[in-house]
Amino acid sequence: MASSRSRFLADTADTFADIADTPERDLAAQHIVDGSHMSDGGDTMHSMRAFVHRDTTTRRTALPLVHPVSYPYPYSYSLAVEHAEEQEKKRRKRLCILASAVIALLTATVLIIVLTIRLTGNSNSSSSASSASPASGNGPGSSNPSPYSSSLTWGGSNSRNKVYSDTGLTPDFVSSASFGRRATVELPLSLARVVNGVDSVYAQPIVFSVNGTEYVFIASTGNNVHVVDGLKAQLVASKNFGSPHRILQDSTFIQAQQLKDSSASVPFTGVCREVSDFVGIVGTPVIDPTSNTAYFFSISVRSGASPSQRTMSFHAVDAISLVERPGFPVIIAPTADNNPTLKFDPNITFQRSALLLSKGIVYATFGGHCQLNQGAAGWLIGVNIISGAITSAWVTRGSAIFAFGGGQMGMGGAGIALDEQGNLHVTTGTGLDAASLDSNFPSPATGSTIPNVLNQAYIKLKVTENNKLIPIEYFMPSNYKTLDQQRLDFGAGGPVLLPSDFKGPSGEKLSVTIDAAGRIIVQSRDSLGGFQQGPSLSDRVVSMFDLGQYVTRTQSQKVVFSVTPVAWVSKEGHGYLYVSCKTSNLFVLAWNSTSFQFTPAGQTVFQFTQSTALVNSDPGMPTVTPTANGAAALVWVLDVFQGLYAVNAVPSTGRDAILSTAYHDDAFVGNLVGQGSMAGFSLKGSGLVYVATKNATLLVYGKVLM
């Protein structure tokens, strides 16, 4: 009893210590501590009750009120204390029971939430999820569109900068004997739809992970789609999405270009080398990881129909089983929002760029190949991933109709870039015939004064509240006419939104493009330069550097750059830009934060293979994989004939600075990759690289299997 009493008295004294000084507190404390209550009878007890009662009305944490009782002296005080102790014990017991109940309830709630998340994830990743009901999460049937930054897409991000972190591909590992080709996966062919076993892949393999399994999603020009378990190097699913269009069999396709080129500087030979034979799925698909839904466009010829009867379709499939989501595919045949006289024609217009997923809408660019198709304009189309409805259809031609199209948006297969404000960034190429070129040559104008014709341009478009696209700024180079006459695309590659480490003179955010002639143009992405707004009607840009001056050209080989560059910032804060040239080397340029431009810093020892008469050997897009701490990085690039290269990202010092080779696999004879191709890279440090080839195989690189 003494022990319990002492704890009770101590707690009471602690409570008193928190209360402002009062005569009652002093008196009560004195009686409690020294026992002087024994000398003044019951008056002290009444004083204590009065004090504690007042305390409980002002402080919620005070001890329980000792209710008045009639105890005969001298037992009244001790019994009151014992009564208070019993009440305190009961109160504490009730609190323990209540706390235990609350803890049990919270534990059960957490377990239910975790179980629900796991069950939802399993249902999304299973093959039955796509056939039983509309996809959950952000796929078709969802009312919660995914945010713009969450998709698995070309280049690894919507900035299109192609830097892949946390891959486990360190320079030491890749240059060691442990790294190499570890597996070759044979991909099934729909032989009725390909010739001589050729099934080109221009789309980047997209790598994604579900429940710890790393998958690779591959789409081909033969309309074949495959899913491979990357770690096991095993085929999971394969499906054909229709007979593709065979482009070289189209006589009207070739005749149109021969007529168009009667006054061109570079005559057309009758062979289109932008694609290899078939046009099925060309642009890189995009995957929404919240619903494991893959989106892509395909062009197909209806069974028994002539080549001129083609259909452009938008697909939404389960990314693992390849089962089409309910309500898909949908046919793409809109009328242009900004030109009601122009209707989309799949017989002359093909899907070109990598896809973009932004706030529940998939965007893609379209145009002709080799500028052959009469009337083919550049199109930018958006499709709602829930309903399949076409939300926007914008063209580069405005209200003008010409005998020949123009403003194609191929961008070398690169992706539409997306900035923090949700604006879309694209580039366009050539396409006007000589007569229309002179009569529609643009006048000098600011970047916000949008011309009717947007060939050879960098365009920033806003998405309106009703999901329509409106161009809000543009840039067109002052040598526009020369580029058009020589069939050199300004939009040979897509725009790259540079990381925040690269800043303009006023601290503004920057973007970079490179045209087919090799001019590297850096601009403020918040204020594009319009047309001839610089001194003496020159270009208003942050900086421009002519890398093409270091490359030898011939009359028949003017197009030497048709790739999108990649930028990387080292741990020390040095900024680099990597550009591959189809007739020369892989170049690295260093960022000068004083002059705000890129200048030469080194190149590879090897050179890329030049084009032949029938095969376009454009090198692949350079891609960077830095180490986890950013202290080092590798630059990866593919060559049609020479295979896969990995070079150290930081050039050597000295006059002849080089990018040293860390790895090279040249065993590509008879196993060519498509022009402009990119490898797929592993996730979460698994250290794998995936390369799709023309003869329907997937090459897997990583730790060599013994």
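The values are calculated or read from the model by the stated rules, or taken from the named source; none is laboratory data. Given the structure is predicted, the values throughout are model-derived calculations rather than measurements. Note that each Cβ is placed from the backbone with ideal geometry, even for glycine, and that neighbours are counted across all protein chains shown. Remember, those area values only see protein heavy atoms, side chains included, never the ligands or the DNA or RNA. Shrake-Rupley method; radii C 1.70, N 1.55, O 1.52, S 1.80 Å.
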(request) Would you kindly state how much longer the chain becomes between residue 570 and residue 331 on full extension, computed as 0.36 nm times their sequence separation minus their alpha carbon distance, in nm to one decimal? (result) 81.5 nm
(request) Taking only the C-alpha atoms, wrap a convex hull around the range 484-547 and report its volume per residue in Å³ as a whole number. (result) 98 Å³
(message) Taking 21 Å as the cut-off for C-alpha to C-alpha distance, list the pairs among 343/460; 503/571; 359/460; 462/509 that go past it.
(response) 343/460
(request) Can you spot the lysines whose alpha carbon is less than 18 Å from residue 481's alpha carbon? Ignore those fewer than 8 places along the same chain. (result) 260, 558
(message) Suppose we keep just the alpha-carbon trace of the range 465-510; what are its Rg and Dmax in angstrom?
(response) 15.1, 40
(request) Please work out the FRET efficiency for the pair residue 466 and residue 706, using the Cβ-Cβ distance as r and a Förster radius of 51 Å; give the result to the nearest 0.05. (result) 0.30
(message) Below 14 angstrom from the Cβ of residue 289, what's the summed charge of the other residues (Lys, Arg +1; Asp, Glu -1)?
(response) -2
(message) Checking the cross-link filter: which lysines have an alpha carbon closer than 25 Å to that of residue 703, excluding same-chain neighbours under 8 positions apart?
(response) 162, 232, 684, 694
(message) What's the ranking of 412-420, 461-469, 321-329, 621-629 by average number of surrounding C-beta atoms within 10 Å, highest first?
(response) 412-420, 621-629, 321-329, 461-469
(request) Enumerate the amide H contacts of residue 697 below 5 Å, restricted to partners 5 or more residues apart or on another chain; note that Pro and chain-start residues carry no placed amide H. (result) 187
(request) Give the calculated FRET efficiency between residue 89 and residue 231 to the nearest 0.05, with a Förster radius of 60 Å applied to their Cβ-Cβ distance. (result) 0.50
(request) Based on the mean of other Cβ atoms within 10 Å per residue, sort peptides 602-609, 487-494, 498-505 so the most packed one is first. (result) 487-494, 602-609, 498-505
(request) Please identify which residues in the range 680-703 have an amide N closer than 15 Å to a label point set 7 Å out from the Cα of residue 186, following the Cα→Cβ vector. (result) 695-699
(request) Would you mind putting 309-317, 358-366 in packing order, based on average other-beta-carbon counts within 10 Å, highest first? (result) 358-366, 309-317
(request) Might you tell me the accessible area per residue for the range 448-497, computed with a 1.4 Å probe and given in Å²? (result) 34 Å²
(request) Heavy atoms only, probe 1.4 Å: what % of the accessible area of the range 467-530 goes to carbon and sulfur, would you let me know? (result) 45 percent
(message) Using only the heavy atoms of the protein chains and a 1.4 Å probe, how would 94, 397 rank by accessible area, largest first?
(response) 94, 397
